[in-house]
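The values are calculated or read from the model by the stated rules, or taken from the named source; none is laboratory data. Since the structure is predicted, the reported quantities are computational estimates derived from the model, not experimental observations. We place every Cβ from the backbone using ideal geometry, glycine too, and count neighbours over all the protein chains shown. Please note that ligands, DNA and RNA were not included when accessible areas were found on the heavy atoms of the full protein model with its side chains. Shrake-Rupley method; radii C 1.70, N 1.55, O 1.52, S 1.80 Å.
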Amino acid sequence: MEVKTQINTLRDELREHNYKYYVNDNPTISDFEFDKKLEQLKSLEAAHPEFYDATSPSVRVGGEVTKNFHTVKHINRMYSLDNSYSIEDLKDWEARIKKIVDGAIQYTCELKYDGASISLHYENGKFVQAVTRGDGNQGDEVTANVRTIRSVPLQLKGDAIPEKFEIRGEIVLPWEGFYKMNEERAAQGLDLYRNPRNTASGSLKLQDSAEVAKRPLDCLLYQLAGNNLPVQSQFDSLMLARKWGFKAPAASKLVSSIEEVFEFINHWDVARKQLPYETDGVVVKVNSLRQQEELGFTAKSPKWAMAYKFAAEQVSTRLEEITYQVGRTGSITPVANLEAVEISGTTVRRASLHNADQIEKLDIRVGDEVYVEKGGEIIPKIVAVDLSKRPQNSVPTIYATHCPECHTELVRKVEDAKHFCPNEMACPPQVKGRIEHFISRKAMDIDGIGAETVGQLVEAGMIHNYADLYDLTVEQVLPLERMAQKSAENMVNGITASKQVPFERLLFGLGIRYVGETVAKKLAKFYKNMDSLMAMPAAPDKENIDLFADVTSPADKKIEELSAIPEIGAAIAQSVVEFITDKRQLEIVDRLGKAGLQLALSEEQLEGQTDKLVGKSFVISGVFEMSRNDLKKLIEDNGGKVSSSLSSKTDYLVRGENMGPSKLEKAEKLGITMLSEQEFIEMV
Ligand code: AMP
Ligand code: ZN
């Protein structure tokens with residue numbers, strides 16, 4: 001068989017199996033067979049890049065990286081929906097629309113899925129673009145990420161598909177996948193995701209589509225938009241979408257009266273608890289598109305649709321005790337300990353009380369009968385107090401004044417809603433948190449030690465900070481519970497091996513507030529070693545005060561110096577200065593250096609790095625002998641900055657072959673110095 005035919009056959013087969021598995025939930029081959037075919041396709045495609053196709057089933061694994069998401073104006077505005085909370089609200093709505101349209105009205109009832117709105121664009125039956133709702137007029141283009149979602153068809157089936165159209169829906173994260181992601185986060189000692197909705201919309205904005213591909217996202221579609229669509233009603237468009245291969249929710253119903261709408265609502269208010277994803281209501285839509293047109297829109301929503309929000313389930317129970325939890329960064333969260341109670345099928349014993357203001361606002365007291373609600377969040381919350389049941393001897397809650405873990409007096413900054421424990425160097429959860437961050441994958445990536453061992457070591461008083469790790473010996477850790485010879489050795493070896501971890505990752509591991517991975521890289525590159533990062537400018541000359549002397553304090557000077565580095569803002573600079581002026585931190589860093597960790601960029605990293613181009617801004621355009629990436633790296637290694645478009649701030653334009661005439665003209669107009677590739681190389 002010809003290769004091209006072979007590739008196409010495999011693509012068709014995989015497309016069909018993908019559809020059966022992810023859209024219809026009814027696979028007909030085993031996962032193993034599927035993977036085998038996919039591997040086959042991938043190797044054929046790799047050997048024959050000339051047959052590349054952006055809709056091939058092999059693109060689902062992702063790989064494309066989006067640095068900045070483009071803003072796209074919606075062709076058809078994405079409206080929000082009016083909300084109703086009772087049967088009366090819905091009856092009022094019906095009365096309003098009956099005044100506008102003639103004749104009988106049918107309604108399509110659908111579930112309201114709680115995820116991230118999305119608009120998918122198709123041209124000639126192929127998926128071409130995905131845009132988030134944004135503000136309704138314009139959203140972000142997230143095509144590469146959405147392409148990895150298995151239930152989004154990349155190539156449609158059937159005939160009479162309009163040349164161009166748009167379909168809207170919701171990207172959701174099913175509960176099961178959400179819990180699984182949280183288990184993994186817990187195992188890595190990371191903060192948990194709060195709810196599936198935020199996690200779904202956050203996923204769409206990840207830069208690396210391969211990461212998105214790993215998330216078990218699903219896409220439910222419920223609304224066609226475009227010109228000359230071959231349908232007359234909402235319900236027909238759902239059926240048609242399903243024929244084309246979209247996952248149009250099965251839980252949709254065409255009804256002929258508002259009473260039947262109520263039946264649908266009552267049924268799903270209970271039945272939704274069995275659904276794999278979160279729903280927060282029902283959407284009722286006038287079925288006939290002609291009637292929809294007659295009704296039109298208000299400034300923010302269609303008049304022909306109405307959302308009905310399910311009441312979040314509330315139960316009342318007794319508040320037995322208020323305790324306080326200390327987070328990794330020292331922030332304090334008050335927790336309500338409740339008499340156990342069932343809500344939406346789960347037993348609840350604890351609820352979040354948020355912060356001191358919340359407790360005061362609701363006047364929540366121990367012994368109160370409180371109403372607890374479980375909405376889209378995993379942690380239930382207290383929404384009200386039943387004052388009629390308040391015990392006579394009840395006393396107002398006095399918020400904790402001291403840390404429950406280390407008894408340090410709590411502080412609260414004006415701009416913060418939360419109290420926090422300032423004892424960052426000795427408060428156990430904070431100490432553990434810093435060490436866990438230090439050993440984590442993206443920082444020092446130390447094998448053989450996990451969050452649990454860190455906990456044991458801290459509690460046993462064997463370590464107080466990350467520098468202590470480097471003094472541990474096998475003999476010392478062996479007596480710990482569940483620690484065998486082999487695991488003790490692995491741990492100590494892992495710690496020793498981490499001494500080779502490059503400077504920028506160590507810098508990230510130090511856990512300086514606001515210094516994430518990217519900032520750590522920037523600082524490492526700029527300062528090249530810890531000593532120059534920590535070096536403080538000279539103090540003003542006190543002996544010789546004259547009016548014109550520079551009286552800026554060293555700390556302020558250092559903040560200025562840091563803030564002058566591109567993309568380092570004032571908050572980061574401030575926090576770095578706090579760190580490097582803290583004697584206790586300096587001592588720890590000093591010990592890390594003595595233990596042999598990399599407190600400077602290595603020779604290899606420094607090789608070819610100069611300051612020759614500091615302060616110079618470059619634009620590169622056209623085709624070059626060396627790769628664009630190498631060219632960019634060369635500029636950056638020498639201290640220069642690469643930007644994507646020409647402006648009066650551009651110093652040099654490096655021009656390659658086939659550069660566009662308009663760019664050339666603009667560069668000439670702005671008087672920018674132009675360099676050929678050769679001239680640039682000579683320059684560095
Ligand atoms: P709101 O954000 O509360 O104004 O509600 C409008 C949003 O509900 C829309 O932007 C959609 O993302 C979402 N939605 C969920 N399910 C549906 C549905 N079946 N029909 C229309 N919108 C829906
Ligand atoms: Zn504390």
Assign one of three labels to the range 382-488, namely rounded, prolate or oblate, based on the Cα gyration tensor with a ≥ b ≥ c the square roots of its eigenvalues; rounded applies when a/c is under 1.5, prolate when it is not and a/b is larger than b/c, and oblate otherwise. prolate
Where the only charges are on Cβ atoms (+1 Lys, Arg; -1 Asp, Glu), what is the dipole of the chain about its Cα centre, to the nearest 20 debye? 1200
Roughly how many debye, to the nearest 20, is the charge dipole of the range 169-234 about its Cα centre, given +1 on each Lys and Arg Cβ, -1 on each Asp and Glu Cβ, and no other charges? 100
Residue among GLY593, ASN26, PHE262 farthest towards the positive dipole end of the chain, charges placed on Cβ: PHE262
Listed residue (ILE343, VAL385, ILE332) projecting farthest to the positive dipole end of the range 314-389, Cβ model: ILE332
Straight-line reach check, LYS418, cutoff 17 Å on alpha carbons, 8 or more apart in-chain or any other chain, hits among lysines -> LYS361, LYS381
Cα-based shape type of the chain, given that a ≥ b ≥ c are square roots of the gyration tensor eigenvalues and the cut on a/c is 1.5: oblate
Gyration tensor verdict on the range 55-103 (Cα atoms; rounded if a/c is under 1.5, prolate if a/b is larger than b/c, oblate otherwise): prolate
At a Cα cut-off below 18 Å, give the aspartates and glutamates reachable from LYS247, other chains included and same-chain residues fewer than 8 away excluded. GLU16, ASP25, GLU110, ASP114, ASP159, GLU166, GLU170, ASP218, ASP236, GLU278
Which Cα, out of THR673, MET626, THR650, lies furthest along the positive dipole direction of the range 617-683 (beta carbon charges, K/R +1, D/E -1)? THR650
If the chain between HIS48 and VAL335 were fully extended at 0.36 nm per residue, the gain over the current Cα-Cα distance would be 97.4 nm
Two-site label geometry, ARG194 and MET536: point separation in nm, points 7 Å out along Cα→Cβ: 3.8
Neighbour net charge for ALA417 - beta-carbon separation under 14 angstrom, K R +1, D E -1: 0
Give me the extension gain from VAL414 to GLN500: residue separation times 0.36 nm, minus the current Cα-Cα distance, reported in nm with one decimal. 26.8 nm
When only Cα pairs under 8 Å and 6 or more residues apart are kept, what is the percent relative contact order across the chain? 9
Run the accessible area of the range 71-309 with a 1.4 Å probe and give the carbon-and-sulfur part as a rounded percent. 47
For the range 3-61, size of Cβ-based charge dipole, Lys and Arg +1, Asp and Glu -1, in debye: 80
Between GLU2 and ASN76, take the C-beta separation as r, use R0 = 35 Å, and let me know the FRET efficiency to the nearest 0.05. 0.25
Å² per residue, accessible surface of the range 224-336 at 1.4 Å: 45
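Using helices alone, what [θ] at 222 nm do you get for the chain, with -39,500 (n - 2.57) per DSSP H run of 4 or more residues, divided over all residues and rounded to the nearest 500?
Working: 26 runs with 247 residues, N = 684.
Rounded to the nearest 500, it is -10500 deg cm²/dmol.
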Accessible area in square angstrom per residue, the range 503-606, 1.4 angstrom probe: 57
